[in-house]
Amino acid sequence: MKVLTTRTIGLAAALLLTAGVLTACSASPATDGGSATDASHAKIGLLLPEVTTLRYEEKDKPYFTEALKQLCADCELLYANASSDAAKQLQQAQSMLTQGVKVLVVDPYDGVAAASIVSAAKAQNVPVVSYDRLIKSPDVAFSISNDYEKVGELQGKALVDKLKADNVAPGTGGILMIDGAETDPNAANIKKGAHSVIDASGYKILAEFATWDPAEAQEWASSQVTKFRDQIVGVYSANDGNAAAAIAAMKAGGFTTIPPITGLDASLAGLQLIVQGDQYMTVYNPFRSEATHAAQAAFDLASGKTPKATTTVNGIPSFLNQPVAVNISNIMDTIIKDEFYKVSDICTANYAAACEAAGIK
């Protein structure tokens with residue numbers, strides 16, 4: 001896990017020390033019974049964590065932008081991506097606070113380090129919405145996420161059920177596990193959910209590794225293919241990027257038939273690998289719903305209102321989306337039905353025949 005550098009800590013301290021100068025551009029977190037505030041021209045900050053996982057730039061950002069525009073035509077969105085750098089994300093937050101944002105919506109690269117962002121924002125009475133990945137701070141105003149422990153359960157169950165359906169006995173081989181990065185609090189919940197199923201299944205875990213970086217995942221998977229080869233009966237992958245990396249490693253290692261592999265994010269590449277028959281499943285989190293609720297929560301807080309919560313997470317009022325397992329049999333009823341992707345997006349020339357055979361049209 002990454003730690004904050006001296007420079008990063010200094011930036012946080014500077015933010016706290018300059019709080020009094022900047023309060024004129026801020027708004028207090030809403031409380032029940034609080035008076036409404038005119039937010040018709042509010043500045044809302046959106047901070048996303050990285051570009052390696054394509055969903056953030058391709059789905060979350062445009063969905064949030066669209067939803068905020070519908071709520072507040074004259075609001076100004078300040079946007080930045082941390083590119084997998086916790087110190088950079090703190091600097092981006094500092095810039096937005098200096099520009100007078102009323103609310104920060106933060107998907108942290110590092111959920112622990114991002115507590116400094118929350119502290120700095122609190123010093124200026126700017127509420128923070130924790131988006132998708134959780135921020136480990138009691139001062140987060142609201143949390144929008146997915147039920148990531150359920151994600152892991154769905155992945156683990158799909159893998160175990162597939163192995164059983166294929167008559168792969170637990171004693172005949174084992175599973176490689178590629179978990180998400182330890183800097184991501186959601187990764188721990190996904191891992192917990194997956195282990196709750198796999199550990200009780202009787203299938204042996206051959207080896208386990210944690211990363212969100214596909215290059216690292218492929219390098220590790222390649223070494224495990226060399227080490228275990230014929231013992232590998234399945235691969236648990238926490239997301240589609242790692243799944244693609246494992247598939248590439250196995251093909252490079254001489255596998256002609258790819259064992260069942262899980263995923264997450266319903267990425268276009270992941271869906272095409274499912275259609276092609278290389279990846280078994282992915283998990284679809286309704287990102288439009290997540291981003292829309294985040295925009296609503298941000299606008300509510302800017303307006304002096306309390307966002308509507310469906311639960312609490314670590315004592316923080318929260319809204320959680322429910323994930324859906326997706327394989328070749330239900331792409332039409334989930335991904336296409338929700339207009340997450342169109343058939344034409346998935347079924348390009350290289351996948352047209354496979355789509356036709358699967359009834360995706």
**Report entry** Qualifying residue in segment 238-256 (condition: surrounded by 18 or more Cβ atoms within 10 Å (Cβ to Cβ) and closer than 30 Å to GLN70 by Cα)
**Finding:** no
**Report entry** Those residues of segment 321-344 which are part of a loop (DSSP other than H, G, I, E, B) and in contact (Cβ under 8 Å) with a residue 40 or more places away in the chain, in sequence order
**Finding:** GLN322, PRO323, ASN327, ILE328, ILE331, ASP338, PHE340, TYR341
Report summary line: Taking segment 240-275 and keeping residues assigned to a helix (DSSP H, G or I) and under 23 Å from ASP230 (Cβ atoms) leaves ASN242, ALA243, ALA244, ALA245, ALA246, ILE247, ALA248, ALA249, MET250, LYS251, ALA252, LEU273
Report summary line: Of those in segment 316-361 that are in contact with a helix residue (DSSP H, G or I) (Cβ under 8 Å, 6 or more places away or on another chain) and among the acidic types (Asp, Glu), the residue surrounded by the fewest Cβ atoms within 10 Å (Cβ to Cβ) is ASP345
Report task. Filter segment 139-176 for residues that are small (Gly, Ala, Ser) and in contact (Cβ under 8 Å) with a residue 40 or more places away in the chain and give the result. Result -> ALA141, SER143, SER145, GLY152, GLY156, ALA158, GLY173, GLY174
Query raised in the report: Do we find a residue being within 17 Å of VAL324 (Cα to Cα) and in contact with a Ser or Thr (Cβ under 9 Å, 6 or more places away or on another chain) anywhere in segment 165-186?
Result: yes
Query raised in the report: Can you name every residue in segment 218-261 that is under 22 Å from ALA357 (Cβ atoms) and within 23 Å of the chain's Cα centre (by Cα)?
Result: ASP240, ALA243, ALA244, ILE247, PRO260, ILE261
Query raised in the report: Just for segment 184-201: of the residues that are part of a loop (DSSP other than H, G, I, E, B) and surrounded by 16 or more Cβ atoms within 10 Å (Cβ to Cβ), which one is farthest from the chain's Cα centre (by Cα)?
Result: SER201
Query raised in the report: Of everything in segment 276-309 that's free of Cβ contacts under 8 Å to residues at least 40 places away in the same chain and either assigned by TED's automatic domain parsing to the domain that holds ASP60 or not in a loop (DSSP other than H, G, I, E, B) (or both), which residue is farthest from ALA248 (Cα to Cα)?
Result: LYS308
Query raised in the report: Only one residue in GLY152, GLY171 is modelled with pLDDT of 95 or more, among the small types (Gly, Ala, Ser) and out of contact with any Pro (no Cβ under 8 Å at 6 or more places or on another chain). Which one?
Result: GLY152
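Would you mind stating whether GLY111 is buried (at least 24 other Cβ atoms within 10 Å of the Cβ), under 19 Å from PHE319 (Cβ atoms) and of a type in the set (Gly, Ala, Ser)?
Details: buried (at least 24 other Cβ atoms within 10 Å of the Cβ): yes; under 19 Å from PHE319 (Cβ atoms): yes; of a type in the set (Gly, Ala, Ser): yes.
In short, yes.
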Query raised in the report: Could we say that ALA30 is of a type in the set (A, V, I, L, M, F, W, C), buried (at least 18 other Cβ atoms within 10 Å of the Cβ) and at pLDDT below 50 here?
Result: yes
Requested in this report: Kindly indicate whether GLN89 is crowded, with 24+ Cβ neighbours inside 10 Å, assigned to a helix (DSSP H, G or I) and not aromatic (Phe, Trp, Tyr).
Outcome: yes
Report summary line: Within segment 202-222, residues being surrounded by fewer than 16 Cβ atoms within 10 Å (Cβ to Cβ), of a type outside the set (D, E, K, R) and either farther than 24 Å from PRO170 by Cβ or not assigned by TED's automatic domain parsing to the domain that holds ALA181 (or both) number 1
Query raised in the report: Among the residues of segment 310-317, is there at least one that is closer than 20 Å to LEU264 by Cβ and touching an Asp or Glu at 6+ places or on another chain (Cβ under 6 Å)?
Result: no
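The values are calculated or read from the model by the stated rules, or taken from the named source; none is laboratory data. Just so we're clear, the structure is a prediction, and the values are computed from it rather than from any experiment. Here Cβ is always computed from backbone atoms with ideal geometry, including for glycine, and neighbour counts include all displayed protein chains.
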